[in-house]
Amino acid sequence: MPFQPVSRRTFLRGVGVTMALPWLESVPVWGDDKLKNSSEPPVRMAVLFSGNGFHSKEWWAKGEGKNMTLGKVLEPLLPVREKLNFIRGLYNAEALIGGIHSCQTGNLLTGAHLEPAGAIKSGISCDQVVADKMKSQTKVPSLVLGTEPSIAAIHKNYSMIYSSHISWSSASTPTPLELYPALAFDRLFRDEVGKADKSVLDAVLEDAKGVKNKVSTSDQRRLDEYLSSVKEVEDRIASAGKAGRLQGWRPTLEKPDRPRPKDGIPQDVDEHMRLMCDILILAFRTDTTRVCTLKLNNDHSSLRFPNLKAASGAGGIDYMIHHLLSHTDGEDWLKVNRFFLEQMGYICAKLDTVKEGDRTLLDNSMILYCSSMMTGNHNNDQLPVVLAGQGGGQIKTGRVLDYLGKPNRKMCSLYLSMMDKCGVKLDTFGDSQERLPEI
């Protein structure tokens, strides 16, 4: 008998656990029943952000396709250069009005005017517009992940909540950041977040055996690979932070005076970021969500990087916080920049290994990387933007797109184009009524 999906979506179930399946060629589980081809993989959208811009001389791209060359900041993306677009010259007009970090960040994904004097008002961000339209199609409407807590303060007459959030559920509500990898993982797979009495994989193994008996041989292999990847992330979450390298805030004691909480925020910046990257990948592989925002740090960030060797050879790059380091524009700043782009390179490479019919998961996604300023000198008359993935085959990649000096160079024009690829058609968004025709 052919395999029949349950209510158009098939799940592996166990006690307290619900796990969506990856794309399987012999099981039509994708999309809406109303669509003619319900086996077509959906388009996913992710936004990655890091604050304080990049090295002034090493954020650039030239050429196209396999011959594209990249500046040193972007070199971690070389393996996927044929599947990305380097976009130059876009900006947010409302971000030019002042406030430096706060005002340059709070409307990055909204294009809206920000309220000053400590008030909090932006607009609904493009990721949450898409999430709202897709909320009936996935278990989790969107994941909003972070690695650094938000800041409650005022800077240059603007709330630093703006510096800490790029995703907004309403004009006055920044979408809460999930900083804990364990809780983000639970949100994907557990019916009650925070309850981890039993391994997710152990809970669904019996159900998985039943599914394997009803799918093709190649799908059995896909299912095994997928379950192994879930187990790997679960095991790494359990052991996260054991190296104990502290980034960001420095304690007044040389050693903690109490045991580190088991389920707390990992204190190893590289492990923390990589876990969040893996959770994004799992979320897209399972179609648990189609929208994810990963804020790798705040604008005006206090992160330190003991995992990266300082150019001086004397220890790691933990002698200065990220925000202050951004004003140096030296070799250590470049190393930190590359570390952030390595996260995008890792995500793209992993997504590109997952086959979904004739395309890969990366081909079926749009992975946007941006910052709120070009360099640490706060210049945001143009923003650093890279877009990877083909949006389900709808975007030509391997190009350098230069909008500098052109009449339509609004970030919100890019968002309108991206939302189109997700099936969300709007006449206007933020400060734009136009698309970028090249996207």
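The values are calculated or read from the model by the stated rules, or taken from the named source; none is laboratory data. All values derive from a computational prediction rather than experimental measurement. Cβ: placed from backbone, ideal geometry, glycine included. Neighbour counts: every protein chain shown. The accessibility values were calculated without ligands, DNA or RNA, using every heavy atom of the protein model including side chains. Shrake-Rupley method; radii C 1.70, N 1.55, O 1.52, S 1.80 Å.
A few notes on this one:
- Filter pass, Leu246 being modelled with pLDDT under 90, assigned to a loop (DSSP other than H, G, I, E, B) and either open to solvent by 40 Å² or more (accessible area, probe 1.4 Å) or aliphatic (A, V, I, L, M) (or both): yes
- Failed item, numbered, when Leu426 is tested on (1) within 21 Å of Met276 (Cβ to Cβ); (2) open to solvent by 40 Å² or more (accessible area, probe 1.4 Å): (1)
- Members of region 278-304 that are under 26 Å from Ala152 (Cα atoms) and under 15 Å from the mean Cα position of the chain (by Cα): Cys292, Thr293, Leu294, Lys295, Leu296, Asn297, Asn298
- Restricting attention to region 407-421, the residues being under 15 Å from Val43 (Cα atoms) and open to solvent by 20 Å² or more (accessible area, probe 1.4 Å) number 2.
- Restricting region 332-363 to residues that are out of contact with any Phe, Trp or Tyr (no Cβ under 9 Å at 6 or more places or on another chain) and among the acidic types (Asp, Glu), the residue that is least open to solvent (accessible area, probe 1.4 Å) is Asp363.
- Within region 139-171, considering residues that are in contact with a strand residue (DSSP E or B) (Cβ under 8 Å, 6 or more places away or on another chain) and polar (S, T, N, Q), the one nearest to His272 (Cα to Cα): Thr147
- In region 295-331, residue surrounded by the most Cβ atoms within 10 Å (Cβ to Cβ) [restricted to those that are in contact with a Ser or Thr (Cβ under 8 Å, 6 or more places away or on another chain) and among the acidic types (Asp, Glu)]: Asp299
- Scanning region 177-206 for residues that are modelled with pLDDT of 80 or more and of a type in the set (D, E, K, R) yields a count of 5.
- Counting only helices (runs of 4 or more DSSP H) that sit wholly inside region 90-194, those with at least 1 residues that are more than 20 Å from Lys295 (Cβ to Cβ) are 126-134, 181-189.
- Filter pass, Val73 being of a type in the set (A, V, I, L, M), assigned to a helix (DSSP H, G or I) and touching a Phe, Trp or Tyr at 6+ places or on another chain (Cβ under 7 Å): yes
- When Lys121, Lys83 are checked against the criterion of being among the basic types (Lys, Arg) and either modelled with pLDDT of 95 or more or within 17 Å of the chain's Cα centre (by Cα) (or both), a single residue qualifies: Lys83.
- Among the residues of this structure, Gly98 does not count as one that is open to solvent by less than 10 Å² (accessible area, probe 1.4 Å) and either without any contact (Cβ under 8 Å) to a residue 24 or more places away in the chain or on the phi > 0 side of the Ramachandran plot (or both).
- Selection within region 195-219: residues that are of a type in the set (D, E, K, R) and in a loop (DSSP other than H, G, I, E, B). The member of this set that is surrounded by the most Cβ atoms within 10 Å (Cβ to Cβ) is Lys214.
Results for (1) closer than 30 Å to Asp299 by Cα; (2) buried (at least 18 other Cβ atoms within 10 Å of the Cβ), shown as yes or no for each residue.
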| residue | (1), (2) |
| --- | --- |
| Gly146 | yes, yes |
| His155 | yes, no |
| Tyr162 | yes, yes |
| Leu177 | yes, yes |
| Ser228 | no, no |
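- Candidate set from region 260-272 (those that are farther than 25 Å from Asn377 by Cβ and open to solvent by less than 10 Å² (accessible area, probe 1.4 Å)); member that is modelled with the highest pLDDT: His272
- Test: residue in region 125-133 that is open to solvent by less than 10 Å² (accessible area, probe 1.4 Å), more than 25 Å from Phe189 (Cα to Cα), under 22 Å from the mean Cα position of the chain (by Cα) and in contact (Cβ under 8 Å) with a residue 40 or more places away in the chain: yes
- Long-range neighbours under 8 Å by Cβ, at least six apart or interchain, first residue touching a residue at least 40 places away in the same chain (Cβ under 8 Å) and on the phi < 0 side of the Ramachandran plot within region 405-427, second basic (Lys, Arg) and part of a helix (DSSP H, G or I): Cys422/Lys133; Val424/Lys133
- Count - residues of region 370-396 that are among the β-branched types (Val, Ile, Thr), in contact with a strand residue (DSSP E or B) (Cβ under 6 Å, 6 or more places away or on another chain) and in a loop (DSSP other than H, G, I, E, B): 0
- Against the numbered list (1) touching a Lys or Arg at 6+ places or on another chain (Cβ under 9 Å); (2) of a type outside the set (D, E, K, R); (3) more than 16 Å from Met373 (Cβ to Cβ); (4) open to solvent by less than 30 Å² (accessible area, probe 1.4 Å), Leu77 comes up short only at (1).
- Residue match in region 403-421 (condition: at pLDDT below 95, closer than 30 Å to Leu24 by Cβ and part of a loop (DSSP other than H, G, I, E, B)): no
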